[in-house]
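J.: Here's a structure for you.
Readers should treat all values here as calculations from the given coordinates under stated rules, not as data from a laboratory. The structure presented is a predicted model; accordingly, all values stated were derived computationally and were not measured. In this analysis, Cβ positions are derived from the backbone assuming ideal geometry, glycine residues included, and neighbour counts consider all displayed protein chains.
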Amino acid sequence: MDVTHTRLLEGAQTARGVAVIIDVFRAFTCEPLLFSLGIEKSILVATPEEAFALKEKKNELVLIGEVEGIPIEGFDLGNSPSEILKKGRAFFEGKTVVHRTSSGVQGVLTALDVADEVLPASYALAGSIARYILAKQPPRVSLVSMGWALRHSAPEDEWCGRYIAHLLGVGDYNHNEAIKEIIYNQTTQKFFDPEKPHFPPEDPIMCLQLNVHNFVLRAERAGDSVVVKKIDVWQPATLPER
């Protein structure tokens, strides 16, 4: 199994085999949380306009997302796991979510054109993704850290990629070093700026939790749409120690 670790838009464009698209802050922490709160499915879109067009056809859709981190006017929620958690299961049970973000979602949409399979990823999904891949043993795995707005590397995504690679038996990982670098970087510090309420301080607490979910998410084309589905991962695989 050949495991590579790339980043940003170019990484998504060159992903092959099983593409693991990593967005810790915050898209792919939000996605599994939404499924754990009972959504039926998630539809990924490139632009707010696509989301509004879908909403016009089906008003009960829940629109979630951001542009450059800022919530989109007219959407139900921003791209914030803590805001999603506050809404609770009663709000999401059985619903379909339309999700638009500037980095992770764009990476998935790009990778679908070139990879055999596309898995959204974050720290919350890392262990189950590793178990899924180890059970499947694909010839090629492309880990892609999406960073900030496809343009700038972000330590949370870089370290998450290293963590998943480590769980797959490639390279070392030190969680203390990871957290130290992540929390003192601007990608995390912006969540503690009172002038940026769209970055709630609770979000990084949720985003940096390891191995929260026992399922993986897979993005697939369904007609003109890209949908995310949940796949349960029950097989207990032997993973390296953290």
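J.: Within the stretch 1-70, list the trypsin sites (Lys or Arg not before Pro) lying in a DSSP loop whose Cβ has at most 13 other Cβ atoms in a 10 Å radius.
T.: Counting only loop positions with at most 13 other Cβ atoms within 10 Å, the trypsin sites (Lys or Arg not before Pro) in the stretch 1-70 are LYS58.
J.: Next question. Counting other beta carbons within 10 Å of each residue's own, what order do LEU44, LEU37 fall into, fewest first?
T.: Details: LEU44 26, LEU37 18.
Least crowded to most crowded, the residues run LEU37, LEU44.
J.: Once you list every other residue whose beta carbon is under 12 Å from the beta carbon of GLN13, what net charge do they have if Lys and Arg are +1 and Asp and Glu are -1?
T.: Values: positive: ARG7, ARG16; negative: GLU10, ASP113.
In short, 0.
J.: Also, I was wondering about something else. Among bridges DSSP assigns within the chain, what percent are antiparallel (round to 5)? Could you put the intermediate results ahead of the total?
T.: Numbers: 15 of 40 bridges.
So the antiparallel bridges amount to about 40 percent of the total.
J.: Could you list LEU210, LEU125 so that the one with the fewest beta carbons within 10 Å of its beta carbon is first and the one with the most is last? Show your work: numbers first, answer last.
T.: Numbers: LEU210 14, LEU125 30.
So the residues, fewest neighbours to most, are LEU210, LEU125.
J.: Something else: How big is the C-alpha Rg of the stretch 91-242 next to the rule-of-thumb value 2.2 N^0.38 Å, as a ratio?
T.: On the way: Rg = 16.0 Å, N = 152, 2.2 N^0.38 = 14.8 Å.
My calculation over the Cα atoms of the stretch 91-242 gives 1.08.
J.: Follow-up. Provide the per-residue ³J(HN,Hα) series for the stretch 138-149, in order, calculated from phi with Karplus coefficients 6.51, -1.76, 1.60 and θ = phi - 60°, each as a whole number of Hz, with x at glycine and proline positions.
T.: Each residue's phi maps through the Karplus curve to give x, x, 9, 10, 10, 8, 10, 8, 7, x, 9, 6 Hz.
J.: Using Cβ contacts closer than 10 Å as the measure, can you line up MET146, MET206, MET1 from fewest to most? List each step's numbers first, then the result.
T.: Working: MET146 34, MET206 21, MET1 15.
Ascending Cβ contact count within 10 Å gives the list MET1, MET206, MET146.
J.: Rounded to the nearest 500, what is the 222 nm mean residue ellipticity of the chain from helices alone, with -39500 (n - 2.57) per DSSP H run of 4+ residues and division by all residues?
T.: Values: 11 runs with 88 residues, N = 242.
Calculated mean residue ellipticity at 222 nm is -9500 deg cm²/dmol.
J.: I need the GluC sites (Glu not before Pro) found in the stretch 147-242, filtered to DSSP loop residues with at most 10 other beta carbons within 10 Å of theirs.
T.: Numbers: sites: GLU156, GLU158, GLU177, GLU181, GLU195, GLU202, GLU220, GLU241; in loops: GLU195, GLU241.
The qualifying sites are GLU195, GLU241.
J.: For the stretch 2-221, how many pairs of lysine residues have a Cα-Cα distance under 16 Å, where the two are 8 or more positions apart or belong to different chains?
T.: Working: LYS41/LYS55; LYS41/LYS58; LYS41/LYS95; LYS55/LYS95; LYS57/LYS95; LYS58/LYS95; LYS87/LYS95; LYS180/LYS190.
Within the stretch 2-221, the lysine pair count is 8.
J.: At what distance in nm do the modelled label points of ASN59 and LYS136 sit from each other, each positioned 7 Å from its Cα along Cα→Cβ?
T.: 3.9 nm
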